[in-house]
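The structure appears right after this line, and notes come after that.
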Amino acid sequence: MTAPGRELPDLDALLTGPVPATGPTVSEGDPDTGEWTRTRGEGFVIAPLWVGRPLTGVYAPERNEAEEAAEARLSGLIRQLDDRYGPHRQVAMHVPLFRKIAGDPMPALFQALCDEDLLGDLTVWEPVPPARPEHPTRQLAVSLSQSDGDAPMILCAVVSDHPITELPEDG
C-alpha cells in the first residue's frame, strides 16, 4: 500500500489517469498478496491511499491511538485538498449501507464502495480542475473506513467523471 506522505502524488495520478467510460465494475487485487488495489467501473475509480495495520488483538489505549492517528491522517489530507481545490462537502454513506443490508439496487459507484466495505462518509470536491488542459475535469472524494473492529483502517480515494451526490433516503 501507499507509503506515508504519498497521498497527494497518488491522488494526482488517479485524477490524471484513465477512468472507464463504460463497462462492468471490476475489483482488482495484488497478484502476490490478494490485497485490494482498486475498483474500476463506469465513470469511476476507487483506490486505497493508505492502509493501517490490522487491529486484531489490539485494545485501548493502543487501539484508540491507532484510530486517532488514522483520523488525523484523513483530517490532514482534507486540509491539503481544501487548500488546493476549495471547500469540500460531505456525502453520507448511511443510505447505501441500508440499501446494501436490504439488498436494494443502487448506483454502481455506491455499490462498489459497499462491496469493498468502504462505508465511511465521503468528503467530496467537485469539480476538480484539470492538472493540464488535456485532462478532463473530475470529481474527487476521500473516505476513511474500517470493515470490522479487527480490520485495518483504510483511507481511500474516489475519482469520478460524474457528480458524486448523496442518495435519497426514500429510494
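The values are calculated or read from the model by the stated rules, or taken from the named source; none is laboratory data. The shown structure was predicted, so the numbers you read here are calculated from the model rather than taken from an experiment. Positions of Cβ are backbone-derived with ideal geometry, glycine not excepted, and every protein chain shown enters the neighbour counts. What goes into the accessible areas is simple: the full protein's heavy atoms, side chains included, and nothing from ligands, DNA or RNA. Shrake-Rupley method; radii C 1.70, N 1.55, O 1.52, S 1.80 Å.
For the reader, a short list of remarks on this structure follows.
- Solvent-accessible area per residue, Å², over segment 21-84 with all protein chains present [probe radius 1.4 Å]: 59
- If the segment from A151 to A66 were pulled out straight at 0.36 nm per residue, it would be longer than the present Cα-Cα gap by 29.4 nm.
- For segment 14-123, a/c is less than 1.5, where a ≥ b ≥ c are the root eigenvalues of the C-alpha gyration tensor. That puts it in the rounded class.
- Surface composition of segment 1-145: carbon and sulfur atoms hold 54% of the protein heavy-atom accessible area at a 1.4 Å probe.
- For segment 67-151, the square roots a ≥ b ≥ c of the C-alpha gyration tensor eigenvalues yield an a/c of 1.5 or more together with a/b not exceeding b/c, which makes the shape oblate.
- Based on Cα contacts under 8 Å between residues 6+ apart, the chain shows a relative contact order of 26 percent.
- Taken as Cα centroids, segment 8-47 and segment 61-76 sit 25 Å apart, rounded to the nearest whole angstrom.
- Computed from phi, the 3J(HN,Hα) profile of segment 144-158 under the Karplus parametrisation 6.51, -1.76, 1.60 (θ = phi - 60°) reads 10, 9, 8, 6, 7, x, 9, 6, x, 6, 10, 9, 10, 10, 10 Hz, with x in place of Gly and Pro.
- The modelled label-to-label distance between V26 and R6, using points 7 Å beyond Cα along the C-beta direction, is 2.3 nm.
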